[in-house]
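Each remark here refers to the structure printed beneath this line.
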Amino acid sequence: IEARREAEEKQKDIKEASGFQDDPKPSPSHYKMDESSIIIMSRMPPWYIHKIMAFYSPSFMTHFSPNASAHAKSFARSTFRQIYIDSKPPSDDLALLTCLKKFLRAFAAKHDIQPTTAEHFLRDLRREALGDASSMPARVDEMIENVAGYAQRLWTSVSQMRMNHDSRELCSIINQCLREDDAELLVDLMPVVRAINQLCVVQGEKRENQPQIQAHQWPSSGKCFRGGSLPEEHKAFFSEGLKYRVPGFLATSLSEEVASKFAERQFDLSNGSAHCVLWIVEVDPRGANDPRLRCKQVNYVRHSNLEDVEQEFLFAPYSVFTVQRAEWSPNPTYVSPHRIFLAAARDNRVEPEDLPLAPWY
């Protein structure tokens, strides 16, 4: 509301400064800006520019939007960073579901999906989170008393929303929006992200709303695994010694077998054309017994519908990793995939914010 009010009050001045003309089909020449205008705009956070300019014309966004390239260039320059700083976790389950509902509606509208599809998807997510008759009482308590645990459970849902050409789980939809760094969607999504993050990110040596991680929930070998596919054009990015950030949640498993099954699923979905990969992420194995040696932006997903199956070890968005080495397979099927060895940073906060972002993960 405040952004709209300010935008309406300054609409005329900014239009004149930017050289913008009201035209249903403006040409790129209409967006020429003088030096002073560029300086003013450069001092605004990207999400604020996006909010203001959205009131003028959708066509303006095509030429000027900080999201025009579809992806952030670094964490420092991301829309995610600013909106994350300005947002707060939802106070209760109702606030969480309200944000999720608004986000799914906006996502559906942006991708030409019927609003009822988003509503049915949210209903399925809620039903799955409650579980069956035996688990429902405990999960109702979790929903009311532990909003972060409830958000984490929604993240692990296997329910899918019907898209135009396929179906997607909530975790995939969330990561797509984080990767695309779209301000319009991130505003409603960010409280959900913050709720999930409450159980991923360490504050000091304790984790909010969650007991200390148990030894069997930390990689005993110091390794966790992620299986999937890797397009040929992205192999060059994963060069030895490269330090980078992942612009989304990174789900791994304590089980290499589980990770290999995800690679196999990608292989099957592509009818055998996908180049499969297994990421091996290394953390300090001593962290199982010494909290001081644990990575501070990852945690075992305890509030999961699939805890015993997936053994998920979830890294927070924009976590930092360093490529130790890559072993490229001449025939990268799920049986003999590429293998990329990564070292997880101990603490994201002490790492540079302008590191390159992974194009694939």
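The values are calculated or read from the model by the stated rules, or taken from the named source; none is laboratory data. Just so it is clear, the structure is predicted and the values come from calculations on it, not from any experiment. In this analysis, Cβ positions are derived from the backbone assuming ideal geometry, glycine residues included, and neighbour counts consider all displayed protein chains. Heavy atoms of the whole protein, side chains included, go into the accessibility calculation; ligands, DNA and RNA do not. Shrake-Rupley method; radii C 1.70, N 1.55, O 1.52, S 1.80 Å.
Can you say whether residue 210 is over 23 Å from residue 82 (Cβ atoms), polar (S, T, N, Q) and at pLDDT below 85, as far as the supplied structure shows? Spell out the reasoning first.
Details: over 23 Å from residue 82 (Cβ atoms): yes; polar (S, T, N, Q): yes; at pLDDT below 85: yes.
Here the answer is yes, as residue 210 does meet what is asked.
Take region 233-243 and flag every residue that is surrounded by fewer than 22 Cβ atoms within 10 Å (Cβ to Cβ) and under 16 Å from residue 356 (Cα atoms).
Initially, region 233-243 is screened for residues surrounded by fewer than 22 Cβ atoms within 10 Å (Cβ to Cβ), giving 233-237, 239-243.
Listed by number, the residues that qualify are 234, 235, 236, 237, 239, 240, 241, 242, 243.
Using the structure shown, decide if residue 304 is under 23 Å from residue 171 (Cβ atoms), touching a residue at least 60 places away in the same chain (Cβ under 8 Å) and among the hydroxyl-bearing types (Ser, Thr, Tyr).
Values: under 23 Å from residue 171 (Cβ atoms): yes; touching a residue at least 60 places away in the same chain (Cβ under 8 Å): yes; among the hydroxyl-bearing types (Ser, Thr, Tyr): yes.
In short, yes.
If the Cβ limit is 7 Å and pairs must be 6+ apart or interchain, which residue in region 79-106 that is over 22 Å from residue 125 (Cα atoms) and of a type in the set (Ser, Thr, Tyr) pairs with which residue that is open to solvent by less than 30 Å² (accessible area, probe 1.4 Å) and in a loop (DSSP other than H, G, I, E, B)?
Short answer, once both residue conditions are applied: 79/67; 79/72; 79/181.
Quick one: count up the residues across region 258-283 that are basic (Lys, Arg) and in contact with a Lys or Arg (Cβ under 7 Å, 6 or more places away or on another chain).
We begin by selecting, within region 258-283, every residue basic (Lys, Arg); these are 261, 265.
So of that shortlist, the ones also in contact with a Lys or Arg (Cβ under 7 Å, 6 or more places away or on another chain) come out as none.
Number of matching residues: 0.
Only residues that are of a type outside the set (A, V, I, L, M, F, W, C) and under 19 Å from residue 246 (Cα atoms): list them for region 321-337, please.
Correct list: 322, 324, 325.
Going by the conditions given, is residue 326 of a type in the set (Gly, Ala, Ser), in contact with a Cys (Cβ under 7 Å, 6 or more places away or on another chain) and within 29 Å of residue 181 (Cβ to Cβ)?
Values: of a type in the set (Gly, Ala, Ser): yes; in contact with a Cys (Cβ under 7 Å, 6 or more places away or on another chain): no; within 29 Å of residue 181 (Cβ to Cβ): yes.
Here the answer is no, as residue 326 does not meet what is asked.
Among the residues of region 172-195, which ones are open to solvent by 30 Å² or more (accessible area, probe 1.4 Å) and within 20 Å of residue 306 (Cα to Cα)?
172
Can you tell me which residues in region 58-97 are polar (S, T, N, Q), modelled with pLDDT of 90 or more and in contact with an Asp or Glu (Cβ under 9 Å, 6 or more places away or on another chain)?
Step one: filter region 58-97 for residues polar (S, T, N, Q), giving 59, 62, 65, 67, 69, 74, 78-79, 82, 87, 91.
Filter once more, keeping what is modelled with pLDDT of 90 or more: 74, 78-79, 82, 87, 91.
The answer is 74, 78, 79.
Within the set of pairs 6 or more residues apart or between chains, which connect a residue that is closer than 16 Å to residue 250 by Cα inside region 190-211 to a residue that is at pLDDT below 85 and hydrophobic (A, V, I, L, M, F, W, C) with Cβ atoms less than 6 Å apart?
none
Could you identify the single residue in 140, 187, 201, 147 that is over 21 Å from residue 301 (Cα atoms) and of a type in the set (A, V, I, L, M)? Walk me through it before giving the result.
Values: 140 fails: over 21 Å from residue 301 (Cα atoms); 201 fails: over 21 Å from residue 301 (Cα atoms); 147 fails: over 21 Å from residue 301 (Cα atoms).
Result: 187 is the single residue among 140, 187, 201, 147 that is over 21 Å from residue 301 (Cα atoms) and of a type in the set (A, V, I, L, M).
Yes or no: residue 286 within 18 Å of residue 245 (Cβ to Cβ), open to solvent by 20 Å² or more (accessible area, probe 1.4 Å) and at pLDDT below 95?
On the way: within 18 Å of residue 245 (Cβ to Cβ): no; open to solvent by 20 Å² or more (accessible area, probe 1.4 Å): yes; at pLDDT below 95: yes.
The answer is no for residue 286.
Where the second residue is open to solvent by less than 20 Å² (accessible area, probe 1.4 Å) and assigned to a helix (DSSP H, G or I) and the first is at pLDDT 95 or above and lies in region 335-360, which pairs have Cβ atoms under 8 Å and are six or more apart or on separate chains?
Filtered contacts from region 335-360: 337/263.
Quick check, is residue 312 within 30 Å of residue 77 (Cα to Cα), within 20 Å of the chain's Cα centre (by Cα) and open to solvent by 50 Å² or more (accessible area, probe 1.4 Å)?
Values: within 30 Å of residue 77 (Cα to Cα): yes; within 20 Å of the chain's Cα centre (by Cα): yes; open to solvent by 50 Å² or more (accessible area, probe 1.4 Å): no.
Considered against the rule, which asks whether it is within 30 Å of residue 77 (Cα to Cα), within 20 Å of the chain's Cα centre (by Cα) and open to solvent by 50 Å² or more (accessible area, probe 1.4 Å), residue 312 comes out as no.
Is at least one residue of region 124-134 over 30 Å from residue 352 (Cβ atoms), of a type in the set (Lys, Arg), open to solvent by 10 Å² or more (accessible area, probe 1.4 Å) and in contact (Cβ under 8 Å) with a residue 40 or more places away in the chain?
Residues of region 124-134 over 30 Å from residue 352 (Cβ atoms): 124-134.
From what is left, the residues that are of a type in the set (Lys, Arg) are 126-127.
From what's left, open to solvent by 10 Å² or more (accessible area, probe 1.4 Å): 126-127.
Now drop any that are not in contact (Cβ under 8 Å) with a residue 40 or more places away in the chain, which leaves none.
No, region 124-134 has no match at all.
Taking the condition of being among the hydrophobic types (A, V, I, L, M, F, W, C) and assigned to a strand (DSSP E or B), how many residues in region 139-170 meet it? Explain how you work it out, then say what you get.
Narrowing region 139-170 to residues among the hydrophobic types (A, V, I, L, M, F, W, C): 140, 143-144, 147-148, 151, 154-155, 158, 161, 163, 170.
Adding the requirement that they be assigned to a strand (DSSP E or B) leaves 161.
Summing the residues that are among the hydrophobic types (A, V, I, L, M, F, W, C) and assigned to a strand (DSSP E or B) in region 139-170 gives 1.
Yes/no matrix, rows are residues, columns are (1) of a type in the set (Val, Ile, Thr); (2) part of a strand (DSSP E or B); (3) open to solvent by 20 Å² or more (accessible area, probe 1.4 Å); (4) closer than 30 Å to residue 84 by Cβ:
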site	(1), (2), (3), (4)
263	no, no, no, no
324	no, yes, yes, yes
330	no, no, yes, no
341	no, yes, no, yes
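Applying the selection to region 238-261, what residues are assigned to a loop (DSSP other than H, G, I, E, B), among the aliphatic types (A, V, I, L, M) and at pLDDT 95 or above?
Kept after step one, since they are assigned to a loop (DSSP other than H, G, I, E, B), are these residues of region 238-261: 238-242, 247-249, 254-255.
Those still in the list that are among the aliphatic types (A, V, I, L, M) too: 242, 254.
Within region 238-261, just 242 meets the criteria.
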